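> I have a structure here, written as structure tokens, and I will follow up with some questions on it.
The values are calculated or read from the model by the stated rules, or taken from the named source; none is laboratory data. What you see is a predicted model; the values in this text were computed from it and never measured. Cβ sites come from the backbone with ideal geometry, for glycine too, and all protein chains shown count toward neighbours. These area figures cover heavy atoms from the full protein model, side chains too; ligands, DNA and RNA do not enter into them. Shrake-Rupley method; radii C 1.70, N 1.55, O 1.52, S 1.80 Å.
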Amino acid sequence: MMKDELRQSKVLVIGCGRMGGAIIKGWCNGLVAPDNITIVDPTPFPDLVSGVKQVSGPEEITDDFFDVVMLAVKPQIFPKIMSLYAPFISEKTLILSIMAGVETQAIEAMTDSKQAVIRVMPNTPALVGAGVMVCFANAVATPQNEALCDTLFSPLGSVHWVHDESDMHAVTAISGSGPAYLFYFAECMVAAAKNTLKDEVLAAKLAKETLYGAALLMQQEAREPMALRQEVTSPNGTTQAALEVLMSDGVLDALANNALQAASKRSLELSALEPA
Ligand SMILES: NC(=O)c1ccc[n+]([C@@H]2O[C@H](COP(=O)([O-])OP(=O)(O)OC[C@H]3O[C@@H](n4cnc5c(N)ncnc54)[C@H](OP(=O)(O)O)[C@@H]3O)[C@@H](O)[C@H]2O)c1
């Protein structure tokens, strides 16, 4: 679908909270005409782009069908609403789902026809345009559907694809939950900084700004983290003294490994709770 066609596409977004709202803002920035977007959410969205229609349930929808339907409700809401939106979905509709753990098979069951479904796992840095989106397309989705998904999600950050749906569990553990791991490391570093420097406000700022700068450097230089670490570690210097503590006995490596395994296992357990 060309960008001109996309602007004219009718889009329905079911659930407009933190993530759905951020995605719509990205789309309204020249990709889709706001007048063509309808959102369904019982709570009025505080920062609605002018022209976007908000309704509180399917009975208030004025269009007959939509080119794109995005599911952005919490996974536990999905079974309660899935049958309500089937009348707005045609064979040509692309269903996008950002719901964690809900498999394409459960989403396909929304309609009788063979339906193109693409699951997208975003993460919260998408709120500032630095997200990581990982997508999985079902067998019905065409290369055009995939290209459309790339176009729709690239304003929110980088877009990647997996070709085996079971990989979405590992993806959830790495990029979906990943921002929280850095936030926890930041918490620890802020607490330690406050123990080291008398000015606690400055200590917290230095810790947070350093993590931000280091992440930016890693992104812009496109080099492996190990190379960047080695470059700033002079023999017998201060960085080496700290790293010897952080790297002792490979404790952090083991913790990172166990943490990702635990998240991936939990994602598998949660998806098993969804109706097939
Ligand atoms: N946030 C993340 O980091 C993240 C990352 C990856 C994937 N996801 C997925 O993204 C989805 C949305 O997450 P979120 O963080 O944006 O959650 P959220 O802020 O709670 O948004 C969900 C929205 O759906 C609304 N809603 C509830 N019942 C509804 C219904 N029957 N019809 C239409 N809308 C309804 C909620 O309204 P009320 O508040 O009034 O209930 C809320 O505004 C979830 O499935 C989650 O798994 C989120």
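> May I ask you to compute the full-extension gain from Gln240 to Lys74, defined as 0.36 nm times their residue separation minus their alpha-carbon distance, rounded to one decimal in nm? Let's see the in-between values first.
Details: separation 166, 0.36 × 166 = 59.76 nm, distance 4.48 nm.
In short, 55.3 nm is gained.
> Run the numbers for Gln54 and Ala272: contour at 0.36 nm per residue of separation, minus the present Cα-Cα distance, in nm. List each step's numbers first, then the result.
Details: separation 218, 0.36 × 218 = 78.48 nm, distance 3.25 nm.
Gain in length upon complete extension: 75.2 nm.
> Follow-up question, since we're still on this one. Please give the FRET efficiency for Phe65 paired with Gln230, using the beta carbon to beta carbon distance and R0 = 35 Å, rounded to the nearest 0.05.
Values: r = 57 Å, r/R0 = 1.62.
Using R0 = 35 Å, I get an efficiency of 0.05.
> Would you mind pulling out the separation of the Cα centroids of the range 114-157 and the range 201-276, in Å?
Result: 26 Å between the Cα centres.
> If r is the Cβ-Cβ distance from Phe185 to Ser90 and R0 is 35 Å, what FRET efficiency results, to the nearest 0.05? Write down the numbers at each step before the final one.
Working: r = 47 Å, r/R0 = 1.34.
Working from the Cβ atoms, E equals 0.15.
> So how long is each side of the range 3-166 along the principal axes, counting just the alpha-carbon atoms, biggest first, in Å?
The Cα atoms of the range 3-166 stretch 38, 35, 32 Å along their principal axes.
> Moving on. Order Cys28, Cys188, most accessible first, counting only protein heavy atoms with a 1.4 angstrom probe.
Values: Cys28 25, Cys188 55 Å².
Highest to lowest solvent-accessible surface, that is Cys188, Cys28.
> Still on this structure, I have one more. With contacts defined as alpha carbon pairs under 8 Å and 6 or more residues apart, what's the relative contact order of the chain in percent? Numbers along the way, then the final one.
Values: 387 pairs, mean separation 39.0, N = 276.
Normalised by residue count, the contact order of the chain is 14 percent.
> If packing is taken as the mean number of other Cβ atoms within 10 Å per residue, what is the order of 233-243, 119-129, 173-183, highest first? Kindly include the intermediate steps, with their values, before the conclusion.
Numbers: 233-243: 10.6, 119-129: 20.3, 173-183: 17.1.
Peptide ranking by packing, descending: 119-129, 173-183, 233-243.
> Considering only protein heavy atoms, what per residue accessible area in square angstrom results for the chain with a 1.4 angstrom probe? Write out the running numbers ahead of the final one.
On the way: 15630 Å² over 276 residues.
Averaged over the residues of the chain, the accessible area is 57 Å².
> Now for a different question. Taking the 0 to 90 degree range and rounding to the nearest ten, how far is the long axis of helix 251-273 tilted relative to the main principal axis of the chain, both from C-alpha atoms?
Value to nearest ten degrees: 20.
> List the relative contact order of the range 3-166 as a percent without decimals, with contacts defined as Cα pairs under 8 Å and 6+ residues apart. Each step should come with its number before you reach the end.
Values: 306 pairs, mean separation 30.2, N = 164.
Contact order relative to length: 18 percent.
> Something else: Can you give me the C-alpha center-to-center distance between the range 1-35 and the range 37-96, rounded to a whole angstrom?
12 Å
> If each residue of separation counts as 0.36 nm, what is the full-extension length gain between Ala214 and Lys114 once their alpha-carbon separation is subtracted?
Details: separation 100, 0.36 × 100 = 36.00 nm, distance 4.62 nm.
Taking Ala214 through Lys114 to full extension adds about 31.4 nm, to one decimal.
> Looking at the range 78-156, what % of its DSSP beta bridges pair antiparallel, to the nearest 5? Each step should come with its number before you reach the end.
Working: 4 of 8 bridges.
So the antiparallel bridges in the range 78-156 amount to around 50 percent.
> Hey, any idea what % of the chain's accessible area is carbon plus sulfur with a 1.4 Å probe? Intermediate values should be presented prior to the final figure.
Values: 9110 of 15630 Å².
The C+S portion of the solvent-accessible surface of the chain is 58 percent.
> Taking Cα atoms, how many degrees apart are the long axis of helix 178-196 and the longest axis of the chain, rounded to 10 and kept between 0 and 90?
So the inclination is approximately 30 degrees.
> Let me ask you something else. Please get the size of the charge dipole for the range 3-166, origin at its Cα centre, with Cβ charges of +1 on Lys and Arg and -1 on Asp and Glu, quoted in debye to the nearest 20. Before the final figure, lay out each step's value.
On the way: 11 positive and 18 negative charges, 80 e Å.
Its charge dipole is roughly 380 debye.
> Still on this model: Got a sec? What order do Val245, Val132, Val117 fall in by accessible area at 1.4 Å, biggest, i.e. largest, first? Mind dumping the intermediate values first?
Working: Val245 105, Val132 45, Val117 0 Å².
Result, largest first: Val245, Val132, Val117.
> Here's something else I'd like to know. Given only helices, namely DSSP H runs of n ≥ 4 each adding -39500 (n - 2.57), what is the per-residue ellipticity at 222 nm of the chain, to the nearest 500 deg cm²/dmol? Don't jump to the answer; show the numbers that get you there.
Working: 11 runs with 122 residues, N = 276.
Calculated mean residue ellipticity at 222 nm is -13500 deg cm²/dmol.
> Radius of gyration and Dmax for the chain's Cα atoms, expressed in Å?
21.7, 70
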